[in-house]
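Laboratory data are not the source of any read-out in this text; all were calculated from the coordinates shown. Since this is a predicted model, take the numbers as computed values, not measurements. Methodologically, a virtual Cβ is constructed for each residue, glycine included, from the backbone with ideal geometry; neighbour enumeration extends over all protein chains shown.
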Amino acid sequence: MKRFIYDFTFEDWKQWMLDHGEQSWRASQMMDWLYVKRVHAIDEMTNLSKGLRQLLEQEFAFTTLNILAKQQSGDGTVKFLFGLHDGHAIETVIMRHNYGNSVCVTTQVGCRIGCTFCASTLGGLKRNLTTGEIVAQVLMAQQFLDETEERVKSVVIMGSGEPFENYDATMQFIRVLLDERGLNIGQRHITVSTSGVVPNVYKFADEKWQVGLAISLHAPNDALRSSLMPINRRHTLAELLDACWYYLRTTGRRLTFEYALIGGQNDKLEHAHELGKLLKGMNCLVNLIPVNYVPERNYVRTPRNHIFEFKKVLESYRVNTTIRREQGHDIDAACGQLRAKHNQSKESK
Ligand code: SF4
């Protein structure tokens, strides 16, 4: 099978050109065609010789993401369901903020982590995405935004899948994002989220980027966390927090902890106190997320006033806390919902 043309970083293109008897500066031309001019066919790369274009044709294919569905929310959120070349489907979301447009990308088809509040994991993991398939999601989002002369300002790697279980492709994707000749997104405008694959939290810290890291925490103790997130049986909370401290020391950046509030499960005030004690003194932000309703699970939402009480308790421990603004509430906004619906309708045909 051919490689996807967006799989390569600038350094990879340099090496590829040298290996094929070309000058290394041709790599800059490749980046220009792919990310500045954004052509859709090798034949359009008119300043490359015919011979070089033929070589490229033999080895590379353009990543094709077919739009299977597109939902637009009243608040501007746009959710795409993209079909991949092998029949799988993935989701990508554009979110509108006052600081610009943000794209949430997916790194795996499905997920094997098994968090109980998440629709993405319902059918298990199908496969990892390649770097090119992740890059193509940003390009498709940018193509959509071109219509209104807007641009992608930030990227969050928080869609379906566990990015740290597809670590190499995700890191390669970040390199393409960061490259001025590539997608040219600033380090502080990128955030990667993990459910807590501890060895790769250390590895990520050692990349020494200023790219943000968000940890899906969702519980203040091992018993509760293991019941909501089976990964906690692999890496305990203490091991995860050790890795978090390492990240803070190594990068000097603030960490974000995501905490999905699930009515009657992890949203009691005693949980807030436990969490406050756990995170006290850490350079972090807790992001409280009212859990989205997932029809396959029977979770209820935490009442709004109780979310504020929970926040107040955390702040009494001097833990910075925000409540996530809900976006795309009138569409299938929670990750995996649109894909789950699509898979169900495919099965019932
Ligand atoms: S929340 Fe993330 S890590 Fe957990 S099952 Fe869903 S996609 Fe996987």
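Between the Cα long axis of helix 237-251 and the first principal axis of the chain there is an angle of about 50°, rounded to the nearest 10. Applying 0.36 nm per residue to the separation of Tyr99 and Ala41 and subtracting their alpha-carbon distance, the gain on full extension is 17.5 nm.
Stretching Arg318 away from Ala61 to a fully extended chain increases their span by 87.4 nm, per 0.36 nm per residue minus the current alpha-carbon distance.
Taking amide H as placed 1.01 Å from N in the peptide plane, the amide H of Leu285 sits under 5 Å from that of Leu255, Thr256, Phe257, each at least 5 places away or on another chain. Say a paramagnetic label sat at a point 7 Å from the Cα of Lys208, along Cα to Cβ; which residues of the range 232-271 have their backbone N under 18 Å from it? Answer for this model: 246-254. Binning the C-alpha pair distances of the range 80-219 at 5 Å intervals from 0 yields a P(r) profile of 2, 10, 20, 24, 21, 14, 7, 2, 0 %, listed from the shortest bin outward. Label separation (Lys153 vs Ala223): 4.5 nm, computed from points 7 Å beyond Cα along the C-beta direction. Of the GluC sites (Glu not before Pro) found in the range 249-312, the ones in coil according to DSSP and having at most 13 other Cβ atoms within 10 Å of their Cβ are Glu296. The modelled label-to-label distance for the pair Asn305/Arg234, using points 7 Å beyond Cα in the direction of Cβ, is 4.2 nm. Whole-Hz Karplus values for the range 4-19 come out as 7, 5, 8, 6, 9, 8, 4, 4, 4, 5, 4, 5, 4, 4, 4, 4 Hz, taken residue by residue from phi with 6.51 cos²θ - 1.76 cosθ + 1.60 and θ = phi - 60°; glycine and proline positions read x. Per the Debye formula on identical point scatterers at the alpha carbon atoms of the chain, with no solvent, log10 I(q)/I(0) at q = 0.08, 0.11 Å⁻¹ is -0.41, -0.75. For the range 180-191, backbone phi angles converted through the Karplus equation (6.51, -1.76, 1.60; θ = phi - 60°) give residue-by-residue couplings of 4, 7, x, 7, 6, 9, x, 3, 6, 9, 10, 9 Hz, Gly and Pro being listed as x.
Find the relative contact order for the range 66-347 and round it to a whole percent, using C-alpha pairs within less than 8 Å whose residues are 6+ positions apart.
Normalised by residue count, the contact order of the range 66-347 is 18 percent.
About the Cα centre of the chain, what is the dipole size in debye to 20, counting +1 per Lys and Arg Cβ and -1 per Asp and Glu Cβ, all else neutral?
Values: 42 positive and 39 negative charges, 155 e Å.
I would put it at about 740 debye.
Any lysines with Cα under 22 Å of the Lys70 Cα? List them, leaving off those in the same chain fewer than 8 positions away. Lys70 reaches Lys79, Lys153, Lys341, Lys346, Lys349. Computed extension gain for Thr116 through His85, at 0.36 nm per residue and net of the alpha carbon distance, reaches 8.2 nm. The simple Förster model, with R0 at 56 Å and r as the Cβ-Cβ distance, assigns Arg325 and Ser49 a FRET efficiency of 0.65. Each Lys and Arg adds +1 at its Cβ and each Asp and Glu adds -1 at its Cβ; summed about the Cα centre, the range 3-61 shows a dipole of about 160 debye.
Dividing the summed helix terms, -39500 (n - 2.57) for each DSSP H run of n ≥ 4, by the number of residues in the chain produces a 222 nm estimate of -10500 deg cm²/dmol to the nearest 500.
For the listed peptides 57-67, 157-167, 191-201, 239-249, a ranking on the average number of other beta carbons within 10 Å per residue, highest first, reads 157-167, 191-201, 239-249, 57-67. Each residue of the range 169-178 was assigned a 3J(HN,Hα) from its phi angle through the Karplus curve 6.51 cos²θ - 1.76 cosθ + 1.60 (θ = phi - 60°); the sequence is 5, 5, 5, 4, 4, 4, 4, 5, 4, 6 Hz, with glycine and proline shown as x. Before anything else, pin down the relative contact order of the range 96-183: Cα pairs under 8 Å, at least 6 apart, normalised by residue count, whole percent. Relative CO of the range 96-183 lands at 39 percent. A Förster radius of 41 Å combined with the Cβ-Cβ distance from Leu18 to Lys268 puts the calculated FRET efficiency at roughly 0.10.
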